[in-house]
1. Which members of region 14-73 meet the condition of being basic (Lys, Arg) and part of a helix (DSSP H, G or I)?
2. Among (1) touching a residue at least 40 places away in the same chain (Cβ under 8 Å); (2) of a type in the set (Val, Ile, Thr); (3) open to solvent by 10 Å² or more (accessible area, probe 1.4 Å); (4) out of contact with any His (no Cβ under 9 Å at 6 or more places or on another chain), where does residue 90 come up short?
3. Suppose the filter is open to solvent by less than 50 Å² (accessible area, probe 1.4 Å) and either within 22 Å of residue 193 (Cβ to Cβ) or modelled with pLDDT of 95 or more (or both); does residue 45 pass it?
4. With the checklist (1) polar (S, T, N, Q); (2) surrounded by fewer than 20 Cβ atoms within 10 Å (Cβ to Cβ); (3) under 27 Å from residue 21 (Cβ atoms) in hand, flag the one item residue 99 doesn't pass.
5. Only one of (1) of a type outside the set (Phe, Trp, Tyr); (2) under 30 Å from residue 192 (Cβ atoms); (3) at pLDDT 95 or above; (4) touching a helix residue (DSSP H, G or I) at 6+ places or on another chain (Cβ under 9 Å) is not met by residue 124, so which one is it?
6. Output the number of the condition that residue 93 fails; it satisfies all remaining conditions of (1) modelled with pLDDT of 95 or more; (2) under 28 Å from residue 51 (Cβ atoms).
7. State whether one or more residues within region 17-37 are hydrophobic (A, V, I, L, M, F, W, C), touching a strand residue (DSSP E or B) at 6+ places or on another chain (Cβ under 9 Å) and farther than 17 Å from residue 196 by Cβ.
8. Do we have residue 60 as touching a residue at least 24 places away in the same chain (Cβ under 8 Å) and not aromatic (Phe, Trp, Tyr) here?
Amino acid sequence: MDSRKITEEELEQAAKLYQDHYERMEQYISLLLDWNEKINLVSRMVSRETVRYHVIHSLVPAAMGLLVERSVWIDAGSGGGLPGIPLSIVEEEWNWVLNDNVRKKMKAVSDIVNSLKLTSVQVEAKSISLIEIPVGAGIVSKHAFKIPDLLRLLKGKPWTEIIMWKGAEGGRSELKRAGKGIQATIFEFNVEDPFYEGKAIIRLRNTLNR
C-alpha cells in the first residue's frame, strides 16, 4: 500500500476547474437541490455551500491527473450524480456511465443529465454487478461502497482501476480485506480546510487485469 498527501495546490486546482465551468456547476447544484426536495439524493438539510464543497471534492482526482489513462469511467453508486456529473462536465471528451440500483434516484439523475446537455453520459439503474464494463474502463465511487463489497460485486469483470472517496482511517481498515491482486494508493488531504479533515482518495489498480 502506497500513500501520499493531497496538497493545497491540488485542491486549488480542483476549485479552479469548478470556476472554469462555473455556470454548469452551479446549474447542477440547483437541479440537485430541486430534486432533493422530492427524492432524498443528499441530506435533506444540506446547504448549497456544502454541496459546492462536495462538488469540488469530486473534482480533485481530475485536478491531480488521475483520470487521464482511461476514456470510459463508470460512477458506481452515483446517487445524485456525485462524483460523476461534475467529472463529466470537466472531462466531456470521455464516456461516462452513472450507475445506481435505486431507480428513482437514477430518474432524477437522468433528468439532470438531460438538462445539462451532457451528451457523453449514460444512466444505468441497476446493480453495478449487472453493468457491462468495457476492457480498460475505470470506476469512480464516492462514499457508496465499502472496498471489499465493491470488489465482490465487480468480481470477474475486466476493470483496471477504481478511484474511491473514503475516510482515510476507514479506507485503510477496508483495504486489509481487499484480497489479492489489488495495488492500492491512499491520497490523504494535507490542507487547512476542516471539510477535508480525515478524508482521502483511494486508487485501486487490478494487477490481474493488466
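The values are calculated or read from the model by the stated rules, or taken from the named source; none is laboratory data. For clarity, every value in this text was computed on a predicted model and none was experimentally measured. Here the Cβ is made from the backbone with ideal geometry for all residues, glycine too, and neighbour counts use every protein chain on show. Heads up: the accessible areas ignore ligands, DNA and RNA and are worked out on the full protein's heavy atoms, side chains in. Shrake-Rupley method; radii C 1.70, N 1.55, O 1.52, S 1.80 Å.
1. Within region 14-73, 16, 24, 48, 52 meet the criteria.
2. Among (1) touching a residue at least 40 places away in the same chain (Cβ under 8 Å); (2) of a type in the set (Val, Ile, Thr); (3) open to solvent by 10 Å² or more (accessible area, probe 1.4 Å); (4) out of contact with any His (no Cβ under 9 Å at 6 or more places or on another chain), the lone unmet condition for residue 90 is (4).
3. No; evaluated as a whole, the condition is false for this residue.
4. Among (1) polar (S, T, N, Q); (2) surrounded by fewer than 20 Cβ atoms within 10 Å (Cβ to Cβ); (3) under 27 Å from residue 21 (Cβ atoms), residue 99 violates only (2).
5. Exception for residue 124: condition (2).
6. (1)
7. No.
8. Answer is yes for this residue.
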